[in-house]
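Working notes for the structure below.
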Amino acid sequence: MTGGNGAAAATAGMENTRNEPARKGPKLRRPNDPPARYGPLEEEFTVEINYSGFLCGFGAAKSYVDGKQARFDGCEADTWSPLWLTDFMDQLGYRDRDKYTLYRLLPGKDLGSGLRIIDRDVD
């Protein structure tokens, strides 16, 4: 966590706004929080999730409409697994895995040609 009361809450082992133990692992970035800063030798990264919208169109005209974005900071390269995505979706209120499909976008590709379904730990 960065700054202010967040640092104190993390030290105390409690979340900022609830009386729950602090979560280990990646943290959902709150809307007004600054982006995470990683050094060149750190093996952490941020995952951005687009959710609550829908895909429309075909090929190069495919787009994602009416969605929201969430960012999870502090993902670690040595412990990363797509299984974390299920936890992230749970935090966003999507608890029934059968009611959504996870995709990833291949680097340098557009939505029409680069979307791939994430359905196992090797993705």
Report summary line: Scanning region 64-81 for residues that are closer than 24 Å to Y38 by Cα and part of a loop (DSSP other than H, G, I, E, B) gives A77, D78, T79, W80, S81
Requested in this report: Enumerate the pairs (first residue in region 72-85 and on the phi > 0 side of the Ramachandran plot; second residue anywhere and outside any strand (DSSP E or B) and surrounded by 16 or more Cβ atoms within 10 Å (Cβ to Cβ)) with beta-carbon separation below 8 Å, excluding pairs fewer than 6 apart on the same chain, so at least 6 apart or on different chains.
Outcome: G74/P26; G74/A36
Query raised in the report: Looking at region 57-68, which of its residues are free of Cβ contacts under 8 Å to residues at least 40 places away in the same chain and either among the aromatic types (F, W, Y) or surrounded by fewer than 12 Cβ atoms within 10 Å (Cβ to Cβ) (or both)?
Result: V65, D66, K68
Requested in this report: Residues being surrounded by 10 or more Cβ atoms within 10 Å (Cβ to Cβ), outside any helix (DSSP H, G or I) and β-branched (V, I, T): count how many of those fall in region 82-123.
Outcome: 3
Query raised in the report: Restricting attention to region 27-49, and to residues there that are of a type outside the set (A, V, I, L, M) and either in contact with a Lys or Arg (Cβ under 8 Å, 6 or more places away or on another chain) or not in a loop (DSSP other than H, G, I, E, B) (or both), which single residue is surrounded by the most Cβ atoms within 10 Å (Cβ to Cβ)?
Result: K27
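Output the residue which, of all residues in region 64-93 that are out of contact with any Pro (no Cβ under 7 Å at 6 or more places or on another chain) and among the small types (G, A, S), is modelled with the lowest pLDDT. Please lay out each step first, then the result.
Taking region 64-93 first, the residues out of contact with any Pro (no Cβ under 7 Å at 6 or more places or on another chain) are 64-71, 76-83, 85-93.
So of that shortlist, the ones also among the small types (G, A, S) come out as 67, 70, 77, 81, 93.
On the way: G67: 96, A70: 98, A77: 93, S81: 89, G93: 96.
Residue satisfying both the conditions and the ranking: S81.
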Report task. Go through region 86-112 and count every residue that is more than 17 Å from the chain's Cα centre (by Cα) and touching a residue at least 12 places away in the same chain (Cβ under 8 Å). Result -> 3
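The values are calculated or read from the model by the stated rules, or taken from the named source; none is laboratory data. Because the structure is predicted, anything quoted here is derived from the model rather than measured. Quick reminder, even Gly has a Cβ in these numbers, built from the backbone with ideal geometry, and neighbours come from all protein chains shown.
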